[in-house]
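Right, one structure below, let's go through it.
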């Protein structure tokens, strides 16, 4: 049986933060400190984590409802300041590289669909171990942000893959809702930003509680 026949999905799209990159706690702290800096009430860990993956404007409106829109530019600047302080402390989850290499060996198309900016994603991908790993990517500042399906639709169109042959993997309800709205299958991971109890409404095929579990499922069901 060839790799093509053995695959259930031709395109596997990954969220970045909290799915491949172990960055959730740093993002939460950066959001909280930034909100305080502009005079807002500090969001809880859960409130700050909820906005991970969203594009900037909806994220700021949710995380800092008492901060006026006139302060959003400053809020974004303060967030980036705190995030970049720890940027070099953030790494891929253990096992991610091995999983991605195994998927490439099965000839899957691999893509990134993220709420990060293009600059932020390119900085993260600019490492030797990730060179050439992904076929393409979309960021929130170059298309519609999650949970709009447009990001996934553009990836599918670029690679010539149907929705039925596309799988979205993410750690937030925004990722899973995006997949459902794009008529794609999804898998949720519970080790990132959102509690997995909230995933079921979006009907993921599977919920992985570790990269190892995700790798195993993808090898047999992906």
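Values in this text are rule-based calculations from the coordinates and carry no lab data. The structure presented is a predicted model; accordingly, all values stated were derived computationally and were not measured. Because the Cβ atoms are built from the backbone with ideal geometry, glycine has one as well, and the counts that use them run over all protein chains shown.
Relative to the longest principal axis of the Cα atoms of the chain, helix 72-85 runs at roughly 60 degrees.
Simple spin-label estimate for residue 70 and residue 86 gives 3.2 nm between the two label positions (7 Å along the Cα-to-Cβ direction from each Cα). For region 24-88, the relative contact order is 41 percent, taking Cα pairs closer than 8 Å that sit 6 or more residues apart in sequence and dividing their mean separation by the residue count. Please give the Cα centre distance for region 131-178 versus region 35-79, rounded to the nearest Å. Here the answer is 25 Å between Cα centres.
Mind checking the log10 I(q)/I(0) for the chain at q = 0.17 Å⁻¹? Debye, one equal scatterer per Cα, no solvent, two decimals. Taken in order of the listed q values, log10 I(q)/I(0) reads -1.20.
Global dimensions of region 145-222 from alpha-carbon coordinates: Rg and Dmax equal 12.0, 34 Å. Kirkwood hydrodynamic radius of region 55-167, from the reciprocal of the average inverse Cα-Cα distance over all distinct pairs: 16.2 Å. Out of all Cα-Cα pairs in region 53-103, roughly what percent, to the nearest whole number, are more than 16 Å apart? Everything past 16 Å amounts to 58 percent.
Can you compute the helix-only [θ] at 222 nm over the chain? Use -39500 (n - 2.57) per DSSP H run of at least 4 residues, normalise by all residues, nearest 500 deg cm²/dmol.
Value at 222 nm, helices only: -12000 deg cm²/dmol.
Of all DSSP bridge pairs formed entirely within the chain, close to 5 percent run antiparallel. For region 118-169, just say rounded, prolate or oblate: build the C-alpha gyration tensor, square-root its eigenvalues into a ≥ b ≥ c, call rounded for a/c under 1.5, and beyond that prolate if a/b exceeds b/c, oblate if not. Taking the square roots of the gyration eigenvalues as a ≥ b ≥ c, region 118-169 is oblate.
With only Cα atoms counted, region 24-88 has Rg and Dmax values of 10.3, 31 Å.
Normalised by the residues of the chain, what does the relative contact order come to in percent, with Cα pairs under 8 Å and at least six apart?
Working: 387 pairs, mean separation 56.9, N = 222.
Worked out over the chain, it gives 26 percent.
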